[in-house]
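To start, the structure under review is shown below, and the notes come after it.
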Amino acid sequence: MKSFQQLFYLVFFFLISYPMALAQQGSGLGVKFGTNYNTSGKYFKDAESVWKDPLGGVGYHAGIFYKMSSYDIYLRPELVFTESRFQTSFGEANAQRIDAPILGGIQLFKIINVFAGPSFHYTLNDNYLTGSSSDFNKRLRMGYQFGMGISIGPLGLDLRYEREFNDQKFTMDRVLGGNQDFRHQQILLALSLRIFGP
């Protein structure tokens, strides 16, 4: 009788846990890296800059993510180091940041992902922000990201658009001199690999 009860509990536990394991498939910790094309928001000037120097506004990013998946819906917080560059009428602007997007998404047809969410940024180093490097409020920014991608097993590839909510004033006195307002924007292409998880 005791063996029967143990077998019953084992089968019951399996029947409960197996669908949950399937529902969590795709969850786990991973790494990502890729390139980003940064713009100053002046599209015609940016197009002219791209024509003259196609790699002039290209930077890179690398970081980690954790994907929490339940059936076809998921939440994906990330922590990413980003180096960005873009051309202005005063010269090249560049920065190193820590980015923390928190994305919610849905998976379509098992391999296509569509996602969006807020993104937080902290500037570590730059040659254009006004104010002191210790001014926390000027260096902490918020924006949003949205995009789509494909995932096959632990591998993923996504393309996303990012924009900050508010304009920033920057000075290029450290480069060529001058002041200008801009709203940071970039297009990101990233490859990801889930290294822990089912």
Taking the condition of being in contact with a helix residue (DSSP H, G or I) (Cβ under 9 Å, 6 or more places away or on another chain), surrounded by 14 or more Cβ atoms within 10 Å (Cβ to Cβ) and free of Cβ contacts under 8 Å to residues at least 40 places away in the same chain, how many residues in the stretch 107-123 meet it?
1
Can you confirm whether Arg183 is modelled with pLDDT of 90 or more and charged (D, E, K, R)?
no
Just to check your reading of the model, which residue among Gly26, Gly41 is within 16 Å of Leu193 (Cβ to Cβ), modelled with pLDDT under 75 and either in a loop (DSSP other than H, G, I, E, B) or of a type in the set (Asp, Glu) (or both)?
Gly26
Output for the stretch 158-180, where each listed residue is modelled with pLDDT of 90 or more and buried (at least 16 other Cβ atoms within 10 Å of the Cβ)
Asp158, Arg160, Glu162
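The values are calculated or read from the model by the stated rules, or taken from the named source; none is laboratory data. As the structure is a computational prediction, the values presented were derived from the model and not from experiment. Virtual Cβ from ideal backbone geometry, glycine too; neighbours counted across all protein chains shown.
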